[in-house]
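Participant: After the structure tokens below, expect a handful of questions from me.
Any read-out appearing in this document is the output of simple, stated calculations on the displayed coordinates, not a laboratory observation. What you see is a predicted model; the values in this text were computed from it and never measured. As a convention, Cβ positions derive from the backbone with ideal geometry for all residues, glycine included, and neighbour counts pool all protein chains shown.
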Amino acid sequence: MKDYQEFTALIHRKTGLNLHLYKEVQMKRRLNTLREKRGYKDFLSYYKAMSEDDTMLKEFLDRVTINVSEFYRNYPRWEALEKNILPSLLKKKRKLKVWSAACSTGEEPYTIAMILRQYMDPADITILATDIDETVLERAKKGLYPERSLKEVPQAVKQQYFHQEGALFRVDDSIKRLVQFKKHNLLSDRFEQNVDMIVCRNVLIYFTEEAKQKVYLNFSKSLTKDGVFFVGSTEQIFQPQQYDLSVIDNFFYQKQS
Ligand SMILES: C[S@@+](CC[C@H](N)C(=O)[O-])C[C@H]1O[C@@H](n2cnc3c(N)ncnc32)[C@H](O)[C@@H]1O
């Protein structure tokens, strides 16, 4: 126990990552498995090895952050965005500033761009995509994906916005141009303001209740009136009105004032 506490303090100092804001049981289980796999009997010796070996540190950070993603992940929700949420949002706002928070390798912000592009002039679209992990952001900027990341992409969208290069698929430049990637830690950095839609999916489940509440509050402050907050399919907000949000569809919330 003490070993893990000291380890988390050292990691915080070295990387700025506060492991205590992630659910402890899950996180410990994941890290114990990795430590044992690398052959260290305790966390302090694991830390020592890691601080002398960048590859090991990177492996550790990858395990903490869990980067899986895909285009149109949970397709029915994107359909709801396109058919129900977006039309009413566009009645109120001509330009949209969208933030894909914890965007991983870019599938999510590019999905947003592909959907918005069908209804909006590109000049009216701003998409900011952020993640804590610089490695995934570099991959996101390249915009090259294996076929398995595209399995939910509608055929017409695939034809319009992807170019096959051997076994990989490249996102079209007209989509890439709409997305700006930036490093951002949801648990410690300043939040973007005047955002019309926040998409933050499949990361809040890893945070403690306390950390989650803080993030919700910050997201709520980031949103403009009538702005939309789109969460992951296991991440309903308990009592959204405490964050000045109301439910407008499953996994979609709207800022009240
Ligand atoms: C499972 S992926 C989700 C990707 C995408 N949103 C989706 O639903 O497909 C989780 C992402 O959260 C990022 N992440 C973890 N902790 C974070 C933090 N404190 N701040 C910002 N991003 C974080 C990870 O780096 C990872 O890329």
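Participant: Provide Rg and Dmax in Å for the stretch 105-205, with only Cα atoms included in the calculation.
Facilitator: Reported Rg and Dmax, both Å: 14.0, 41.
Participant: What is the helix-to-structure angle for 24-37, meaning the angle in degrees between its Cα long axis and the longest Cα principal axis of the chain, kept from 0 to 90 and rounded to the nearest 10?
Facilitator: That works out to roughly 60 degrees.
Participant: Something else now. Mind checking which of F43, F71, F207 has the largest fluctuation in a GNM of the chain, springs on alpha carbons under 10 Å?
Facilitator: F43
Participant: While we're here: Enumerate the whole-percent occupancy of each 5 Å bin, from 0 to the last occupied one, for all C-alpha pair distances of the stretch 136-257.
Facilitator: 2, 9, 16, 18, 16, 14, 13, 8, 2, 0, 0
Participant: Here's a follow-up. Among the aspartates and glutamates, select those whose C-alpha is under 17 Å from the C-alpha of K2, and discard any that sit fewer than 8 residues away in the same chain.
Facilitator: Cross-link targets: E24, D42.
Participant: Taking only the alpha-carbon positions of the stretch 44-94 and ignoring solvent, what does the Debye formula give for the base-10 log of I(q)/I(0) at q = 0.15, 0.28, 0.30, 0.31 Å⁻¹?
Facilitator: -0.61, -0.98, -1.03, -1.05
Participant: Could you state the number of Å between the C-alpha centres of the stretch 65-108 and the stretch 196-257?
Facilitator: The stretch 196-257 and the stretch 65-108 have Cα centres spaced 13 Å from each other.
Participant: For a test of the definition: using alpha carbon positions, the gyration tensor, and the 1.5 limit on a/c, classify the stretch 160-204 as rounded, prolate or oblate.
Facilitator: Values: a/c = 2.78, a/b = 2.09, b/c = 1.33.
It is prolate, given that a/c is not under 1.5 and a/b is the larger ratio.
Participant: Quick one: net charge of K214's neighbours, Cβ under 14 Å, K/R +1, D/E -1? Walk me through the numbers on the way to the answer.
Facilitator: Values: positive: R190, K212, K221; negative: D189, E209, E210.
Residues close to K214 contribute a combined charge of 0.
Participant: Summarise the long-distance tail of P(r) for the chain by giving the % of C-alpha pairs beyond 28 Å. Each step should come with its number before you reach the end.
Facilitator: Values: 12367 of 32896 pairs.
The calculated P(r) of the chain puts 38 percent of pairs beyond 28 Å.
Participant: Next up: Relative to the longest principal axis of the chain, what angle (0 to 90°, nearest 10) does the C-alpha long axis of helix 209-222 take?
Facilitator: 30 degrees
Participant: Ratio of the stretch 8-67's C-alpha Rg to 2.2 N^0.38 Å, to two decimals? Working shown, then result.
Facilitator: Details: Rg = 10.7 Å, N = 60, 2.2 N^0.38 = 10.4 Å.
So the stretch 8-67 has a normalised radius of gyration of 1.02.
Participant: A further question follows. Cut-off under 24 Å on the C-alpha distance; same-chain residues fewer than 8 positions from K92 excluded. Which lysines are left, in chain and number order?
Facilitator: The qualifying lysines are K83, K221, K225, K255.
Participant: Hey, could you pull the Cα Rg and Dmax for the stretch 80-132, both in Å?
Facilitator: Rg, Dmax (Cα atoms, Å): 11.2, 34.
Participant: Rounding to the nearest 10 and keeping the result within 0 to 90°, find how far the Cα-based axis of helix 54-65 lies from the longest principal axis of the chain.
Facilitator: It is inclined by approximately 50 degrees.
Participant: If contacts are Cα pairs under 8 angstrom and at least 6 residues apart, what is the relative contact order of the chain in percent?
Facilitator: Numbers: 359 pairs, mean separation 44.2, N = 257.
That works out to 17 percent.
Participant: Still on this structure, I have one more. Can you divide the C-alpha Rg of the stretch 1-140 by 2.2 N^0.38 Å and report the result to two decimal places? Kindly include the intermediate steps, with their values, before the conclusion.
Facilitator: Values: Rg = 19.8 Å, N = 140, 2.2 N^0.38 = 14.4 Å.
Relative to the rule-of-thumb radius for its length, the stretch 1-140 sits at 1.38.
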